[in-house]
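First comes the structure, then the notes that go with it.
The values are calculated or read from the model by the stated rules, or taken from the named source; none is laboratory data. Keep in mind that this is a model prediction, so the values were computed, not measured. Here Cβ is always computed from backbone atoms with ideal geometry, including for glycine, and neighbour counts include all displayed protein chains. Protein only, heavy atoms only, side chains kept; ligands, DNA and RNA dropped before computing areas. Shrake-Rupley method; radii C 1.70, N 1.55, O 1.52, S 1.80 Å.
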Amino acid sequence: MPIELPALGYAFDALEPHISSTTLKTHHGKHHKAYVEKANKLLEGTPLAGATLVDIVREAAQRKASDEKMAKLYNNAGQAWNHAFYWRSLRPPGGAKPSGAFADAIRSAFGSQDKLEEQLKTAATEQFGSGWAWLVLDGTTLRVVTTGNADSPLITSQRPLLTLDVWEHAYYLDYQERRPEHLGAAIGNLINWDFAAQNFAGR
């Protein structure tokens, strides 16, 4: 079954004023769509054509160093997965902050919710070039990590809980070069902590 472009799960204007409908339409309908289409083209006629997106990313990661086509597949399939995870990491303004066991784990790892958010913003701001900032479960400990380009925790032993996209197409139409301003708005208003909590619980 081909990789599919998932629906956002909210209206294009649902994240305003922090992320505009113009940005979402371009980001989802052009950039994400292009990764999906390129990945599907590269999958045609290969044994991976019927695999899940997660398995495609992991298999391509293992083979990309010695196979140019697998390297291209990894980049496009990886970006398809990263973006699908990113859309679910966001939600319209007004959602609840973490509670219960997830909140306890955040306090244990970072000291407070505010300190976690500060660390996320710093890591995402300082990620050199294009890439992603992630909150992950590493064994039994929460950590903030970054990856470049199409990389993700999927190819490690870490479990991704949420992500922030710091490729320029995620924010440039709204914020130009002001990445920290975009991140402050997104982290302060748009993070889907319920999605992160579900991932933390392994659901």
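Observations, loosely collected:
- Applying a threshold of 8 Å to beta carbon distances and a minimum spacing of six or more residues, or different chains, the list of pairs starting in segment 109-133 at a residue that is in contact (Cβ under 8 Å) with a residue 24 or more places away in the chain and over 17 Å from LEU190 (Cβ atoms) and ending at one that is loosely packed, with under 15 Cβ neighbours inside 10 Å and among the small types (Gly, Ala, Ser) reads GLN127/GLY148; SER130/GLY148; GLY131/GLY148.
- Cross-chain or 6+ apart pairs with Cβ under 9 Å, segment 78-98 first and closer than 14 Å to GLY188 by Cβ, then assigned to a loop (DSSP other than H, G, I, E, B) and among the β-branched types (Val, Ile, Thr): LEU90/ILE19
- Residue among ALA201, ALA185 that is open to solvent by 30 Å² or more (accessible area, probe 1.4 Å) and either more than 28 Å from SER21 (Cβ to Cβ) or out of contact with any Cys (no Cβ under 6 Å at 6 or more places or on another chain) (or both): ALA201
- Among the residues of segment 134-154, those that are hydrophobic (A, V, I, L, M, F, W, C), under 16 Å from ALA84 (Cβ atoms) and touching a residue at least 60 places away in the same chain (Cβ under 8 Å) comprise ALA150, LEU154.
- Every residue from segment 144-170 that is in a loop (DSSP other than H, G, I, E, B), over 25 Å from GLY111 (Cα atoms) and open to solvent by 10 Å² or more (accessible area, probe 1.4 Å): ASN149, ASP151, THR156, TRP167
- Among the residues of segment 124-143, just one is in a helix (DSSP H, G or I) and surrounded by 21 or more Cβ atoms within 10 Å (Cβ to Cβ), namely ALA124.
- In segment 96-112, the residue that is nearest to PRO153 (Cα to Cα) out of those that are in a helix (DSSP H, G or I) and open to solvent by 40 Å² or more (accessible area, probe 1.4 Å) is ALA109.
- Subset of segment 55-91 (residues that are closer than 30 Å to ALA14 by Cα and open to solvent by 40 Å² or more (accessible area, probe 1.4 Å)): ASN75, ARG88
- Taking segment 1-95 and the helices (runs of 4 or more DSSP H) fully enclosed by it, the elements with 1 or more residues that are at pLDDT 95 or above and touching a strand residue (DSSP E or B) at 6+ places or on another chain (Cβ under 6 Å) are at 68-89.
- Selection status of GLY100, under 16 Å from the mean Cα position of the chain (by Cα) and on the phi > 0 side of the Ramachandran plot: no
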